[in-house]
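Asker: Once you've had a glance at the structure underneath, I'll fire off some questions.
Just so you know, all these numbers are worked out from the coordinates, no wet-lab data involved. Predicted, not measured: the structure shown is a model, and the values here were computed from it. As a convention, Cβ positions derive from the backbone with ideal geometry for all residues, glycine included, and neighbour counts pool all protein chains shown.
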Amino acid sequence: MTKLIALKTRSKGKSIFEHDLCVIKKLDLVNFKASLKVESETYYNKFYKVEITDFNDEDNLHVSCTCPAADWQDICKHGSAALFALSQKLANLGAEEAQMQAEAIPAGTQLLKMTNIEETVIKRHLNSEDWPKARQLAYANRAQITTDFNQAATATIIYKNEKFDIFIKKVGAKQFYSSCSCPEGAESMCLHRACVLLQLKNKNGERAFELMKDWTDYKNQLLSEYGFSLTDDLSGLFDFTMEGDKPVLKVLDPSITPIKDLNRFVKTELQISPQNKTINIGISGQGKNKTDLEKTQQNTAKYGIAYLFNFTRTTDLPYFSITPILGKLNASETALVSHVTTILNVSGNIEFKEMPKFSENDYQIIQLCKELSFTELYNYARTKLRVTPKVNVWYYTLSAPLKPEDMDSAQTTAFWQYVNQKVRALFQLLEDKITYSALHTNHLSINTIAPIEIKGTKATVCFSVSEKNGFIELSTFLKTDTATIPLQHAKSTANGIMLQINNALYLVDNHNQPEIFNSFVQKPVVKVKSSNFPTLLNNVILPLQNHFEVISQIPLNYSDVQIEPRAQLYLKESEEYLILQPIISYNDTQTEPNNGSDIILVQNGQLIRLVRNREYETELRDFIMHLHPSFAEQLPETEGLYFYIHYNDVMMDNWFLNCFEQVKNRQIEVFGFKQLSKFHFNLHKPKLTFNKVSSGIDWFDLQASVEFGDISVSLKDVQKAIIKKDNFIKLEDGSLGILPQEWLQKYAALFKLSDTKGKNNLHLSKVHFNIVDQLYDEIKEANVLKELAEKRNKLRNFDKIQNITIPRQIKAELRPYQKSGFNWLNFLNEFRWGGCLADDMGLGKTLQILTFLQHLKQQKQSGTSLVVVPTSLIFNWEAEIEKFCHSLTLLRYHGPDRHKTSIDSFKKYDIIITSYGTLASDIEKFIKFTFHYVILDESQSVKNPETKRYKAVRLLNSHNRLALTGTPIENNTFDLYAQLNFLNPGMLGSIEFFKEQYANPIDKHNDQERVAELKRIVYPFILRRTKELVAKDLPEKTETILYCEMGAEQRKVYEAFRDMYRFKILDRINESGMSKAGMFILEGLMKLRQICDSPALLKDAEDYGHESVKLKELMAHITERTGKHKILIFSQFLMMLALVRKQLKAHKIAYAYLDGSTSPAEREEEVRKFQTQPDCRVFLVSLKAGGMGLNLTAADYVFLIDPWWNPAVEQQAIDRTHRIGQTNHVFAYKMICKDTVEEKILSLQQKKKLLAADLISTDKGFIKNLSKSDVEFLFS
């Protein structure tokens, strides 16, 4: 390659290759041809096809490329990159693998390299326009797919009325063969194959092909639980069926027992303690002569009592009942023959329809029957055992249910002890009594019962061991007074207390081991392969001999052997716990570290006894026990056989890694990692390496990598894990890498507050330079280290915000809090931080900004700053600049003529002012200029990061940024994100991080800890002073002109009426003089003032529309800019007040209302409501009706929608709130439409302000004082 390619071309090609932009589409190792797809490193989504032939012969090697440069270069940079990729591929392929591929790749197939079904690989090999189509087809399940156990899938797709056949097979750890019947089937990834792969992934996950593999090992694993494998003859013993995604083992012979289940038959650690043993209670009178007890009644009817056992109720405890019944006796008085009825009524009392023959014993038996009834046992469980049934049935009936799940283990044991005592007492009394068993029916008659004999002797449990046909059988038997009967021929009931054999009922002698006996009731015959006899012997037979008779047909002759033990640790999981099970291995024989008996097993055909090293076993158990403080507490419960720890504690204080480091040092083998479904850990600690750190205007760029041993992970995945508070991360091999606590403490802030760019890049705002500073020792770049040192020294020497002299050009006396704001802006400027000035409305935010900009100009730091405002505030800014600092040059970039202004002309001005709408429309022009400052007024306008406005302001280039708002948070905490992200990009991390870390916990759960944490972060960058906070610095009232700019429709109506009245009035003045034109002037002014409010106020027949800039601006102030303050709104026009009422209702804002038609009582109620109810924020008042006699001190904001002729009348309205009792400072806003009669009236008021107020206190008074030139001015 060195000879063939120029050095510069080779270098470019290597860069393309290293950025992973080459994909080998076809590799022919027989004919030495290769086809590659190379992505352009310059143009997005641009690909070139590179063909390489004769790559085995350097002299004849030929490379072609579809790029333009290939026409004049022998080998272009894409061809160079392709050669690098091919060289690496050939190097990775060993000779044997290369030969295998040359022989194995079928004709017409494509080789796809990926571990599992990876969307990124599929997308890279597929044409970009086919990718969304493939996903749509996959989601619609358009492919008909069949699979086999050879990890192959065959599918058909009908697409655009054409059928395509697809075949895909996984042939290696990272290789797939695929083919399709479409024309491009053998050349490249096609739409149809992509659909099949995606559909398989959607259904079974990215490892879908793993489910199609040969299940031999898996089946052997299932069989191994029984001691078998596929090499054994399984006929009649086992079978396999497919259920879901895996084969399931079916056991045909139920007596074959899993080896692991042998332990459950005899649990010696759960032996019943002496106090829990069954106690036989005798009945008084037992043993007396029967003839002495019987008191025979004279009864010629020959009726008798019998006792009916019912075993048909299998769900309610105690699973049986015994009912005394009455019936006519046969001649020998040994059975009932007819007229069978119960002798207990619904209340449980004896009620004879016929007088039977009975004895004293019958009274005792009937009492025991009642005590064993469902109702009485239910009451016993509730009152004596404190059982609370899960089914809330508290009434007393004969069928009151008591379920096994209602009781815990202690209550269950006590319950069955009680039942056992009663049943044994009953059996002693029932001898020689007439007894029956109920058939499966609810009807009682002689035909629904069958005789049953009550045996006074017990059925004793015993066992037999024999060998048959390669199996060892452990069989359970019952020895009765007459025979030895297999347990499976008997029917157990009442938790193993009674057994029915044929027509006889026995009590069971289980040697006080009910758990052992009941385990064999479920499986009377235990069968294992002969090779597993030692396991059966150790786990079942030998422990059984401690309690029962065990007859073995197999002799047990063994010799003692001592073997060096080996320590092992098995990991398992159960629900929310990780289980650690210590095991001792003696060669291939494993046992738990306990004080159990020695191990008998078969070796070379002989039984041997392994003598256990109990000292070693105890040491292992103690070592494991001390790995966690809770393990010692578990010892009484688990006896050291296992220990468990909650998943939450596994990660805490780096316990897992520290624990297994100790285990590894002790040379204990660890098993079970791969079998853990929830926890599959990587034992390496993570290592973060910084490969390169660079510095930009606002950002630090860090190229870094994180590795767990030899496995690397993307920084994005680490960031997601940290944001979700996961202490681990899934690695590419399926294991989990743990993020230790000390690692998180060092690096968590870096990942939380950074943007990830690509796999290995972090983008961190310079606001968080301290985070990078903490990594000082890990950074190599000298320029970054120098910058960090400079900023660190600047902050170290920072004592407090300095007082800055107010520029002399500012024509205003700044109040103390405004001076503090000005100083704060200079502090931010010093450190190049953006900030949000969030003072309450009316506190002079604009003046503070203008003072700051003038200071920068004075300090020669100035450049052109951009101020972005809502359209309605453009004129207010212009007025403020003219009023306070006309030395700042201003350009209004707004309106249809703005396009005449070139971008180069911006630098001539100190301030460019524009609206949000204009900025979004002309953003391509704005981004070509770098501003000194970008300042957003009413910055809550960009609170939604998805809007066009926000995206536009984020594109602007500037040295710094500021924002102004009276309501930084309107609805929820997330309102802060976009504003602060504009000011200091990356300051609050990603959107997902901010929502997860702050917005959701604060807004949904009122998490005060997160509130405090967020305050600490944003505190230096937001300055907010409320009216209450700076009350001492404020005048009693502040009056401001609020300029409004009409929209096009409203302006069109206004100008039409203005021109009409101007012509009429001036014509009348010329004809008749000023004195005769007064009514025309008054009518014209009234119409124009109404249009300034809204054309809807005009009462003409024609509809002039409802556009109203004042209404829009007023609602913006109420909902966005005045917080929870109370507001007075005055208007001369009732129709305007009606429009405002309609908007308030639409926004669900409570209000009070008063006009001239309001009665005194209603007037008083409206005032009371506004003054006392916190949610009543707005009071609408007719200017004339509310001008006098009102005391509305709850309000501190006043809006005058339409100006009055006389300022004195307006002052009276403002004084409704600014009067005795007012504790707040009042802000009054006079709403004036720009370039209208309202602005001109305001100008005339200033001009004639020396006139006495009473001379122009009325409409006519105002008109009388107008000259012809005044009229021309008003209607111009």
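Asker: Sort the following peptides by mean Cβ neighbour count (other Cβ atoms within 10 Å, averaged over residues), highest first: 214-221, 815-822, 50-57. It would help to have the intermediate numbers written out before the result.
Answerer: On the way: 214-221: 13.1, 815-822: 19.5, 50-57: 17.5.
Most protected by this proxy first, the peptides run 815-822, 50-57, 214-221.
Asker: What is the dipole size for region 558-671, taken about its Cα centre, with +1 at each Lys and Arg Cβ and -1 at each Asp and Glu Cβ, in debye to the nearest 20? Write down the numbers at each step before the final one.
Answerer: Working: 8 positive and 19 negative charges, 84 e Å.
Once rounded to the nearest 20, the dipole reads 400 debye.
Asker: Taking only the Cα atoms of region 7-212, how large is their convex hull per residue, in Å³?
Answerer: Looking at region 7-212, the number lands at 130 Å³ per residue.
Asker: Still on this structure, I have one more. Put a dot 7 Å past each Cα toward the Cβ at S409 and K8; how far apart are the dots in nm?
Answerer: Spacing of the two 7 Å Cα→Cβ label points: 8.2 nm.
Asker: Just to confirm a number: summing +1 for Lys and Arg and -1 for Asp and Glu over residues other than S347 whose beta-carbon lies under 15 angstrom from that of S347, what do you get?
Answerer: Numbers: positive: K370; negative: E351, E376.
Neighbour charge sum, excluding S347 itself: -1.
Asker: Output the relative contact order of region 98-215, whole-number percent, from Cα pairs under 8 angstrom with separation of 6+ residues.
Answerer: Once normalised by length, the contact order is 35 percent.
Asker: Another question, then. According to a simple spin-label model (label point 7 Å from Cα along Cα-to-Cβ), what is the distance in nm between S445 and L955?
Answerer: Output for this residue pair reads 9.4 nm.
Asker: Using the crude model of +1 on Lys and Arg Cβ and -1 on Asp and Glu Cβ, and no other charge, please compute the dipole size for region 295-451 relative to its Cα centre, in debye to 20. Please list the in-between numbers first.
Answerer: Values: 15 positive and 13 negative charges, 25 e Å.
Roughly 120 debye for region 295-451.
Asker: What FRET efficiency do you get for K1148 and T1026 if R0 is 22 Å and r is their Cβ-Cβ distance, rounded to the nearest 0.05?
Answerer: On the way: r = 25 Å, r/R0 = 1.13.
It comes out at approximately 0.35.
Asker: Moving on to the next point. Please list 3J(HN,Hα) in residue order for region 57-62, calculated via the Karplus relation 6.51 cos²θ - 1.76 cosθ + 1.60 where θ = phi - 60°; whole Hz, with x for glycine and proline.
Answerer: Result, rounded to whole Hz: 10, 4, 6, 9, 4, 10.
Asker: Return one quarter of the surface area of the convex hull spanned by the alpha-carbon atoms of region 816-1033, equal to its mean projected area, in nm². All intermediate terms of the calculation are to be shown ahead of the outcome.
Answerer: Values: hull surface 48.9 nm².
Result: 12.2 nm².
Asker: Evaluate E = 1/(1 + (r/R0)^6) for E162 and F673, where r is the Cβ-Cβ distance and R0 equals 41 Å; express this FRET efficiency to the nearest 0.05. It would help to have the intermediate numbers written out before the result.
Answerer: Details: r = 49 Å, r/R0 = 1.20.
Rounded to the nearest 0.05, the efficiency is 0.25.
Asker: Which Cα, out of F623, Q562, V650, lies furthest along the positive dipole direction of region 558-671 (beta carbon charges, K/R +1, D/E -1)?
Answerer: Going by the charge dipole, the pick is Q562.
Asker: While we're on this one: Where the only charges are on Cβ atoms (+1 Lys, Arg; -1 Asp, Glu), what is the dipole of region 1015-1142 about its Cα centre, to the nearest 20 debye?
Answerer: Numbers: 24 positive and 18 negative charges, 174 e Å.
Dipole of region 1015-1142, to the nearest 20 debye: 840 debye.
Asker: Something else about it: Could you give the length gained by full extension between K353 and E564, i.e. 0.36 nm per residue of separation minus their alpha carbon distance, to one decimal place? Before the final figure, lay out the partial values.
Answerer: Details: separation 211, 0.36 × 211 = 75.96 nm, distance 8.03 nm.
Gain on stretching K353 to E564: 67.9 nm.
Asker: Efficiency by 1/(1 + (r/R0)^6): what FRET value for R666 and K479, r their Cβ-Cβ distance, R0 = 30 Å, to the nearest 0.05?
Answerer: So the FRET efficiency works out to roughly 0.05.
Asker: In 5 Å bins starting at zero, report the fraction of Cα pairs in region 558-671 per bin as a rounded %.
Answerer: Bin by bin from 0 Å, the calculated values are 2, 11, 20, 23, 17, 11, 8, 5, 3, 1, 0.
Asker: Given 0.36 nm per residue, what is the gain on full extension from S15 to F32 after removing their alpha carbon distance, in nm?
Answerer: Working: separation 17, 0.36 × 17 = 6.12 nm, distance 2.50 nm.
That pair, S15 and F32, stretches by 3.6 nm at full extension.
Asker: Label-point separation (nm) for N1191 and N944, each offset 7 Å from Cα along Cα-to-Cβ?
Answerer: Label-label distance for N1191 and N944, simple model: 4.6 nm.
Asker: To continue, here is another question. Report, by chain and number, residues whose modeled amide H sits under 5 Å from the one on G640, excluding near sequence neighbours (fewer than 5 apart, same chain).
Answerer: Sorted by chain and number, the residues that satisfy this come to none at all.
Asker: What would the Debye equation give as log₁₀ I(q)/I(0) for region 295-451 at q = 0.14, 0.18 Å⁻¹, counting only Cα atoms as equal point scatterers?
Answerer: -0.73, -1.11
Asker: With a 10 Å radius around each residue's Cβ, average the other Cβ atoms per peptide and rank 364-373, 1171-1180, highest first.
Answerer: Values: 364-373: 18.7, 1171-1180: 17.0.
Highest to lowest by the protection proxy: 364-373, 1171-1180.
Asker: Which of R1058, R609 comes first, and how do the rest follow, when ranked by fewest Cβ neighbours within 10 Å? Please list the in-between numbers first.
Answerer: Working: R1058 19, R609 15.
By the 10 Å Cβ count, ascending, the order reads R609, R1058.
Asker: Work out how much length T154 to T375 would gain on full extension: take 0.36 nm times their residue separation and subtract the Cα-Cα distance, in nm to one decimal.
Answerer: Numbers: separation 221, 0.36 × 221 = 79.56 nm, distance 6.41 nm.
Residue separation times 0.36 nm, minus the Cα-Cα distance, leaves 73.1 nm.
Asker: Arranged by the count of other C-beta atoms within 10 angstrom, fewest first, what order do T115, T66, T388 take? Walk me through the numbers on the way to the answer.
Answerer: Values: T115 16, T66 13, T388 9.
With the fewest neighbours first, T115, T66, T388 line up as T388, T66, T115.
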